[in-house]
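Each remark here refers to the structure printed beneath this line.
No lab work stands behind these numbers, since they all come straight from the coordinates. Here the structure is a predicted model, which is why all the values come from computation and not from measurement. Reconstructed Cβ throughout: ideal geometry from the backbone, glycine too, with neighbour counts over all protein chains shown.
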Amino acid sequence: MAMAAISLSSFAFDYEPEEGLTWQGEIGLNVSSFNTKGAASVYDYLSAKPGLTIGGYGRYVLPGCAGVYGKFGVKYDMLGAKGSTEIAGVENEYTVKLHYINIPIHVGYMYGFTEDFFIHADVGPYFGLGVVGKNVDKVYVNDKLSATNTYSWYKDGNNDDDMKRLECGLGFNVGCEYLNTYIFNVGCDWGLVNQLKEPKWSKKDKLTNFNFHITLGYRL
């Protein structure tokens, strides 16, 4: 952050963001999936799943640094994946529902095209905790719902998956804002923590989260 501030402060811009601390809320759409390797490839038939994201953030624009800022906050992410299989008229509709409380800590840069319109980009780590994790398996026979089975993503039991609750990864956002009030963001979160536990899974197996999100925000 210090190196970026020093290099950027040598340039003069006609439109610079207001310095200091501001607060904003964001809500939007997640499209999440899994990256797998080894035995965890059994989840490859699952495709991306939509979900909700909602969060509150603080943004601090550094004085005299021509648009360099730090951003931190707390958000609630609904992630997971879903898919289905069908054999001899029996269809299994499988959904993994994961809810995380995530804390992103980013560093970014803003550039003003006009006094009222800015673009921005930021990147940094996030730290998360899984608060909800369940697998819902709906069985259809001849297109009629026959049974619904629910298993745990985090516990280790019969048909449970025995996954980790703690999460850590790298996030990136790019977007724009109007009148220093209305915000539009597009971004991705790459999970860096292998969610598989030993000894149920081997060291060669791997499953990580991936999430693409689009949000709208309002700055106070």
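Per residue of the chain, what 222 nm ellipticity follows from adding -39500 (n - 2.57) for every DSSP H run with n ≥ 4, rounded to the nearest 500?
-1000 deg cm²/dmol
Tell me, His213, His99 in order of fewest to most beta-carbon neighbours within 10 Å?
Going from sparsest to densest Cβ surroundings: His99, His213.
Where Rh is the Kirkwood radius over the Cα pairs of segment 94-220, the temperature 4 °C and the viscosity 1.567 mPa s, what D in µm²/s does Stokes-Einstein return?
It comes out at roughly 75 µm²/s.
Restricting to Cα pairs below 8 Å that are 6+ residues apart, what does the relative contact order work out to for segment 147-212? Please round to a whole percent. Display every interim value, and only then the final one.
Working: 95 pairs, mean separation 16.9, N = 66.
After rounding, I find 26 percent.
Among Leu170, Val68, Ser84, which residue has its Cα furthest toward the positive end of the charge dipole of the chain, with +1 on Lys/Arg Cβ and -1 on Asp/Glu Cβ?
Ser84
Greater than 26 Å separation of Cα atoms is the criterion. Which listed pairs, Lys75/Lys204; Lys37/Lys144; Lys155/Lys206; Lys134/Lys206; Lys164/Lys203, meet it?
On the way: Lys75/Lys204 31 Å; Lys37/Lys144 34 Å; Lys155/Lys206 18 Å; Lys134/Lys206 19 Å; Lys164/Lys203 14 Å.
Violating the 26 Å limit, Cα to Cα: Lys75/Lys204; Lys37/Lys144.
What list of ³J(HN,Hα) couplings, whole Hz, do you get for segment 121-133 from phi and the Karplus terms 6.51, -1.76, 1.60, once you set θ to phi - 60° and write x for glycine and proline?
After applying 6.51 cos²θ - 1.76 cosθ + 1.60, I find 8, 8, 8, x, x, 9, 10, x, 9, x, 10, 9, x Hz.
Over the Cα atoms of segment 35-103, how large are the radius of gyration and the largest Cα-Cα distance (Dmax), in Å?
Expressed in Å, the Cα Rg and Dmax of segment 35-103 come to 19.5, 68.
Whole Å is fine, so just give me how far the alpha carbon centre of segment 149-180 lies from that of segment 186-215.
The two parts, judged by their Cα centres, are 8 Å apart.
Just how large is the dipole of segment 2-219 about the Cα centre, in debye to the nearest 20, putting +1 at every Lys and Arg Cβ and -1 at every Asp and Glu Cβ? Could you put the intermediate results ahead of the total?
On the way: 19 positive and 24 negative charges, 169 e Å.
Charge dipole of segment 2-219: 820 debye, to the nearest 20.
Given R₀ = 22 Å, what would the calculated FRET efficiency be for Lys37 paired with Val123, taking r from the Cβ atoms and rounding to 0.05?
Working from the Cβ atoms, E equals 0.30.
Taking Cα pairs under 8 Å and at least six residues apart, what relative contact order does the chain come out at, in percent?
21
Each residue of segment 105-118 in order: what ³J(HN,Hα) in whole Hz does its phi give by Karplus 6.51 cos²θ - 1.76 cosθ + 1.60, θ = phi - 60°, with x for Gly and Pro?
In residue order, the calculated couplings are 10, 10, 10, x, 9, 10, 9, x, 7, 9, 5, 10, 10, 10 Hz.
Taking the inverse of the average 1/r across all pairs of different Cα atoms in the chain, what Kirkwood radius in Å do you get? Intermediate results must be reported in sequence, preceding the final value.
Values: mean 1/r = 0.0520 Å⁻¹.
This gives a value of 19.2 Å.
Whole-Hz Karplus ³J(HN,Hα) for segment 149-159, in order, using 6.51 cos²θ - 1.76 cosθ + 1.60 and θ = phi - 60°, x for Gly and Pro?
10, 10, 10, 8, 7, 9, 7, 10, x, 5, 6
What percent does the relative contact order of segment 6-130 come to when contacts are Cα pairs within less than 8 Å and at least six residues apart? Show your work: numbers first, answer last.
Working: 280 pairs, mean separation 29.6, N = 125.
Reported relative contact order: 24 percent.
Quick one: net charge of Gly108's neighbours, Cβ under 10 Å, K/R +1, D/E -1? Write down the numbers at each step before the final one.
Details: positive: Arg59, Lys71; negative: Asp122.
Computed value for this residue: +1.
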